[in-house]
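All remarks here apply to the structure that follows.
The values are calculated or read from the model by the stated rules, or taken from the named source; none is laboratory data. Predicted, not measured: the structure shown is a model, and the values here were computed from it. Note that each Cβ is placed from the backbone with ideal geometry, even for glycine, and that neighbours are counted across all protein chains shown.
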Amino acid sequence: MIAIIFEHMTKMSSFCCHGRNLTKEFMMKTVAIIGCGKRGTDKEGWAIGHAHAQGYLKSGHDVRILGVDVSPENLNVFGEAFNLSTSQLFSSAEALYAACTPDIVSICTWPALHHPMMLEAIQKGVKGIACEKPFATDTAQIREIEAKAAKAGTRIVVAHQRRCDAYADAFRQVISEGTLGDNLQVIAHVGDDWDILSWTTHWFDMANYLFEAPPAWVLAGMQIGENHRYKHAVEDASVVYADYGKRGSGLFLTGPGKGCSFRLHGDKGVARIGKTGIDCATFEGFRHVPFPAKSRVGFAGMLDQLITWMDGGPEARCSIGRSAVATEMAFAAQESARTGQKIELPLTRALFAPLEVVQHPVHTGWHSAWLPQDEVFVALKESAPVEIGLTATISSGIFPAAWRLKEKPHIGAWMPGHRRDAWNVPAMRDGIARTLLSLL
């Protein structure tokens, strides 16, 4: 028995801002920053919405900034920082879309809201989206956004803005000129107790940019406790190997130590990021490759490219097609650590969030399982005595997921839910097998 319930959470809204089409009338882009944020002292206090707003203002395009945040304090601080009127500030995405459909939204909320807010923006007719990383909280969400954006013609960039920094171009020059020889390997480190989804995906994306493609597979080892960041499961420490075939490989250490670093090794030498360029030490001596002169880097460069792409220009460096795979690599690494196997990309089976499987088991008489976050259960009335073999605990309560009749033990029921990727969780397949065996 499989229960399927679909809920549509979005509502239609107008396609103008304050009664006017600002793009046509003023030749400017209306940009809404959803999740202005509050600057703090810990790893969850970056006020990244401010960085996006500054990036738009430095992008070289004419923009009108709007702010959206559920916190009145955060919203007021954002409004003061960018000299916005009260008509440019909204307490919710619902209030924003009731007033207008912006040309672009930057989604700077905590990761669990990225997926529903991107879906809402696409449904409302927003034509450009900049989403913070991690792009999604499981691979199934990435696939859905990719499909919906392609169908709607929505341009999406992932905030791996380091692709747009000058050192990325200088590294590309080092590779193209053969300075380091062959057998290239990225050696990257992120310390200070950071995790892959929050930080190291930047280095994943940089390696993908330098090698001009994602890896064929990853192999990872992790120390996994009960650590959470931004309300999703993260590892305590990790080592990830990424195989790029003939192009090279990557080795990424996350968690232990201090600071961060990114180096490129080859059979002729090593290159690292210096103050004014890439410093190369080879068997032939030292070489300094200066950073190229660029008018816009970081967020400004990324958002300039988004707007140019929207207006018919070339695909942005940080487009969803190029940079979302860095988040997928994080889930592949989690699945590798969970299973002890190398995991090929793109992911086709493990579309769930593997660390949630490890950290949030559902304890049963048969097995332990994790159920996807949007799982829907139906409370059925008991009409005859049953033996419950599996229960699922969700926010609204504890529900039976598998049972059989006491009087007729050859009759059993199993309802793990509607999501295809649920069947990839070992405990789910085990549950249906045990249900079938109970009928014998």
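ALA166 satisfies every condition listed in (1) in contact with a strand residue (DSSP E or B) (Cβ under 8 Å, 6 or more places away or on another chain); (2) more than 18 Å from ILE343 (Cβ to Cβ) except (1). Screening PHE352 on (1) more than 18 Å from the chain's Cα centre (by Cα); (2) under 26 Å from TYR244 (Cα atoms) shows it passes everything except condition (1). Counting only residues that are within 20 Å of LYS151 (Cβ to Cβ) and either surrounded by 24 or more Cβ atoms within 10 Å (Cβ to Cβ) or touching a residue at least 60 places away in the same chain (Cβ under 8 Å) (or both), the stretch 296-322 holds 8 of them.
Matching residues to (1) modelled with pLDDT of 95 or more; (2) surrounded by 21 or more Cβ atoms within 10 Å (Cβ to Cβ); (3) outside the structural domain of ALA136 (by TED's automatic domain parsing):
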position	(1), (2), (3)
ASP205	yes, yes, yes
ALA233	no, yes, yes
VAL239	yes, no, yes
LEU251	yes, no, yes
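Matching residues to (1) within 20 Å of HIS114 (Cα to Cα); (2) buried (at least 20 other Cβ atoms within 10 Å of the Cβ):
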| site | (1), (2) |
| --- | --- |
| LYS29 | no, yes |
| GLY37 | yes, yes |
| HIS50 | yes, yes |
| SER59 | no, yes |
| PRO72 | no, no |
| GLY79 | no, no |
| THR86 | no, no |
| PHE90 | yes, yes |
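Helices (runs of 4 or more DSSP H) fully within the stretch 259-373 that include at least 1 residues being at pLDDT 95 or above and closer than 21 Å to VAL239 by Cβ: 325-339.
The rows are residues; the columns are (1) crowded, with 18+ Cβ neighbours inside 10 Å; (2) acidic (Asp, Glu); (3) over 23 Å from LEU347 (Cα atoms); (4) not assigned by TED's automatic domain parsing to the domain that holds ALA47.
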| position | (1), (2), (3), (4) |
| --- | --- |
| SER106 | yes, no, yes, no |
| THR109 | yes, no, yes, no |
| GLY125 | no, no, yes, no |
| ALA130 | yes, no, yes, no |
| GLU144 | no, yes, no, no |
| ILE156 | yes, no, no, no |
| ARG172 | no, no, yes, yes |
| GLY191 | no, no, yes, yes |
| ASP195 | yes, yes, no, yes |
